[in-house]
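The values are calculated or read from the model by the stated rules, or taken from the named source; none is laboratory data. In this text, all values refer to a predicted model and were calculated from it rather than measured experimentally. FYI the Cβ positions are ideal-geometry reconstructions off the backbone, even for glycines, and counts take in every protein chain you see. Protein only, heavy atoms only, side chains kept; ligands, DNA and RNA dropped before computing areas. Shrake-Rupley method; radii C 1.70, N 1.55, O 1.52, S 1.80 Å.
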Amino acid sequence: MRAKEIIPRVKGAKLWRARVHVTNPQYTGYLEAQVWAPNPNVARQLLKAQYNIQDWHLGAVQEVR
């Protein structure tokens, strides 16, 4: 099941993506993360909260077209 099917789309929200540097005991690397948000600032804050990372571990937030 896809996230679009589970999470209803909020009116005015867009899909944003960013590259995230994740450090875990068994894995260290980069991954592409996506989130629905109304603007890039909210998307950045959601990604930081979701992955529990600092600002410098998060790449540029871009809108997915």
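A few points about this structure:
- Residues in segment 22-65 that are open to solvent by less than 80 Å² (accessible area, probe 1.4 Å), part of a helix (DSSP H, G or I) and closer than 20 Å to Lys11 by Cβ: Pro40, Val42, Ala43, Leu46.
- Residue under evaluation Trp16, criteria (1) exposed (fewer than 12 other Cβ atoms within 10 Å of the Cβ); (2) modelled with pLDDT of 90 or more; (3) not β-branched (Val, Ile, Thr), criterion not met: (1)
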